[in-house]
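Each remark here refers to the structure printed beneath this line.
The values are calculated or read from the model by the stated rules, or taken from the named source; none is laboratory data. If you're wondering where the values come from, they're calculated on a predicted model, not measured in any experiment. Note that each Cβ is placed from the backbone with ideal geometry, even for glycine, and that neighbours are counted across all protein chains shown. The area values use the complete protein model at the heavy-atom level, side chains included, leaving out ligands, DNA and RNA. Shrake-Rupley method; radii C 1.70, N 1.55, O 1.52, S 1.80 Å.
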Amino acid sequence: MKAFRAIVALTFRNAMRSHIFQLLLVLLLLCVTVIPISVSVGKTEDLIRVSLLYSLWSVSAILALSSLWLGCYIMSHDIDSYQIHMVVSKPVSRITVWLGKWVGINLINIVLLLISGLVVYGVVMYRYQSAGEEDIRFSERAQARRNAESERDRIRNQILVGRRSYMPEKRDPEAAAQEAVRRRVIDLQKEGKVLSDEEIQKMYTDYKEQIDQLPVEVIPIEVDANGRPLAVNSHTWVFKNIPEDLNKKAVVLRFRPYLNKIASEDQRLSTMWWAVQNPVLVKSAGEDGSFRAVTDEPESYFTGEFHEIPLPYNVEDMPQGMVGEDGTVKIRVINADIQKGKHYYQVNDGPKLLVPVCSFEMNYLRAMAAMILQLMLLSGLACAFGGFLTMPTAIFMVASYLLFGSLSMVLTDSSFYVSTAWDHLGQFLAQALLLIVIPLQNFDVTNLLSGGDLIEFSLLGELFFNYFLLRGVPLFVLGIWLYVRRELGSAVRK
């Protein structure tokens, strides 16, 4: 144990004295301070999101690359420079040497990560405290102070919080495909095109296979010449297995509608009306009559962006809450666009029910834990390959291994369109590769943190068990075994 501590301390001390540590520290501090300033955003909440998303992502990327390089360099350099010969000539096993260097590298990463994380947290808190202060400096009116407090409360409730997400139940493939085909046929008939039964059946089959990738389409409400509604076209999302205590919490609905097409351009303000079902009124008023509007009148939202609205849970007409006895919540939207544009909702966008669970500080610590776990995995892979390969070869092997994991994750994503037999073959091979490779993008939780979404302990447990234990540790053991069996005499240069 004494030898192990000595190797850890020596590795850490050498790194602290080297220019590598100083360079990394300066580079990390530049990232967490310069990036929020260089990005041109006006709102305080956008500045906070930039600090959490881009700054933390840059810190994670820099430390990941340094872990990869440092692990391969330390292990291979000790052999090439003959330093390992002096160590193994003493009663110290190579396993102790390997573990000591791995722990030393991780200590360096943790120190750098904690310093960068504290700076990012300080920048975020400064931005949060200064929200609305500019208006107060130029106006002493009480209204300006109230606006500043309201702005801070909104940031605290939407970003600086850990909220659990509840996604709606997936659509029934047959019913959704039939509805999609029906609307598509109507649109084609308006254009003067008539489809045969075979073409309609083929369209139905294609829609059914791709239903998990197709967005939800909500056509606009139909009115007569006097503006009275003729037909209410709506879509209802069903949330199941919702805990009953949700009725006692402040629930937020997050959604992102698109207008006419799923693209960032040509988006504008569009009107819609959200409603939530009162489960008490289902028996007396029926399914359609049991919905209660979230707002008194239809609201306008800019399409192509995320929006959040609070859902009522203690209003007079819904005293028992919106969660039914079977744990079901139903949310409905009506398209009231003035120019008769269609609304589209992507499957991954929800809409979602967001419930505050923990503070921002606790959620921030969970993000740090995910980043530390990623660095431990990368440094272990670098040490494993660097122990029996030369430095360039070790870096190439680790980078190739991680690249295969990232590409396999992309090919198996539900949004990846599969049409030909080669596509199916590639997706099958990618699924097989995911059994042994590590998709590094799964460790990125900055998007969750910047959106106020809770980083679940189950996610951290999945990262630790599926990737660190089941995939990483076997490679560590293999690398240690090859390192122990490596003939050091072959490294002597003549």
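See the values below:
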quantity	calculated
Matching residues, the stretch 351-389, being open to solvent by 30 Å² or more (accessible area, probe 1.4 Å), in contact with a Lys or Arg (Cβ under 7 Å, 6 or more places away or on another chain) and farther than 22 Å from Leu478 by Cα	Lys352, Pro356, Val357
Condition broken by Ala131, with the remaining ones in (1) modelled with pLDDT of 85 or more; (2) outside any helix (DSSP H, G or I) satisfied	(1)
Matching residues, the stretch 444-462, being touching a Leu at 6+ places or on another chain (Cβ under 6 Å) and not β-branched (Val, Ile, Thr)	Leu449, Ser450
Enumeration of residues in the stretch 256-273 that are surrounded by fewer than 21 Cβ atoms within 10 Å (Cβ to Cβ) and in a strand (DSSP E or B)	Leu269, Thr271, Trp273
Subset tally (residues that are open to solvent by less than 70 Å² (accessible area, probe 1.4 Å) and either in contact with a Cys (Cβ under 8 Å, 6 or more places away or on another chain) or modelled with pLDDT of 70 or more (or both)) for the stretch 5-22	9
The stretch 148-179, residues that are in contact (Cβ under 8 Å) with a residue 24 or more places away in the chain, assigned to a helix (DSSP H, G or I) and either within 30 Å of Ala250 (Cα to Cα) or open to solvent by 30 Å² or more (accessible area, probe 1.4 Å) (or both)	Glu151, Arg152, Arg154, Ile155, Arg156, Asn157, Gln158, Pro173, Glu174, Gln178
Meets criteria (surrounded by 15 or more Cβ atoms within 10 Å (Cβ to Cβ), of a type in the set (A, V, I, L, M, F, W, C) and in a helix (DSSP H, G or I)) for Phe476	yes
Single unsatisfied condition, Val418 versus (1) open to solvent by less than 40 Å² (accessible area, probe 1.4 Å); (2) modelled with pLDDT of 85 or more; (3) in a loop (DSSP other than H, G, I, E, B)	(2)
Index of the failed condition, Tyr344 passing every other in (1) among the aromatic types (Phe, Trp, Tyr); (2) at pLDDT 80 or above; (3) open to solvent by 50 Å² or more (accessible area, probe 1.4 Å)	(3)
Any pair with Cβ under 7 angstrom, 6 or more apart, that starts in the stretch 454-479 at a residue that is over 14 Å from Pro439 (Cα atoms) and ends at one that is open to solvent by 40 Å² or more (accessible area, probe 1.4 Å)	Leu454/Arg164; Leu454/Val357; Ile455/Leu448; Leu460/Ala369; Gly479/Phe388
Any hit, the stretch 445-468, residues being modelled with pLDDT under 85, under 26 Å from Leu70 (Cα atoms) and loosely packed, with under 12 Cβ neighbours inside 10 Å	no
Boolean, Ile331 is β-branched (Val, Ile, Thr) and either open to solvent by less than 30 Å² (accessible area, probe 1.4 Å) or outside any loop (DSSP other than H, G, I, E, B) (or both)	yes
Whichever residue in the stretch 208-267 is modelled with pLDDT under 85 and among the hydroxyl-bearing types (Ser, Thr, Tyr) and, among such residues, is farthest from Glu299 (Cα to Cα)	Ser264
Scan of the stretch 241-250 for residues that are touching a Gly at 6+ places or on another chain (Cβ under 8 Å) and either farther than 15 Å from Lys352 by Cβ or surrounded by 13 or more Cβ atoms within 10 Å (Cβ to Cβ) (or both), ordered by number	Ile242, Pro243, Glu244, Leu246, Asn247, Lys248
Subset of the stretch 282-294 (residues that are out of contact with any Phe, Trp or Tyr (no Cβ under 6 Å at 6 or more places or on another chain) and either in a loop (DSSP other than H, G, I, E, B) or open to solvent by less than 40 Å² (accessible area, probe 1.4 Å) (or both))	Gly286, Gly289, Ser290, Phe291
Test set (1) modelled with pLDDT of 85 or more; (2) over 22 Å from the mean Cα position of the chain (by Cα) - Phe138 fails condition number	(1)
All positions within the stretch 67-85 that are buried (at least 24 other Cβ atoms within 10 Å of the Cβ) and modelled with pLDDT of 85 or more	Ser67, Leu70, Gly71, Cys72
Some residue of the stretch 86-101 being at pLDDT below 70, in a helix (DSSP H, G or I) and either open to solvent by 60 Å² or more (accessible area, probe 1.4 Å) or under 30 Å from Leu28 (Cβ atoms) (or both)	yes
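Yes or no, residue by residue, for (1) part of a helix (DSSP H, G or I); (2) farther than 28 Å from Asp453 by Cβ:
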| residue | (1), (2) |
| --- | --- |
| Asp296 | no, yes |
| Gly321 | no, no |
| Gln339 | no, yes |
| Val357 | no, no |
| Leu373 | yes, no |
| Cys383 | yes, yes |
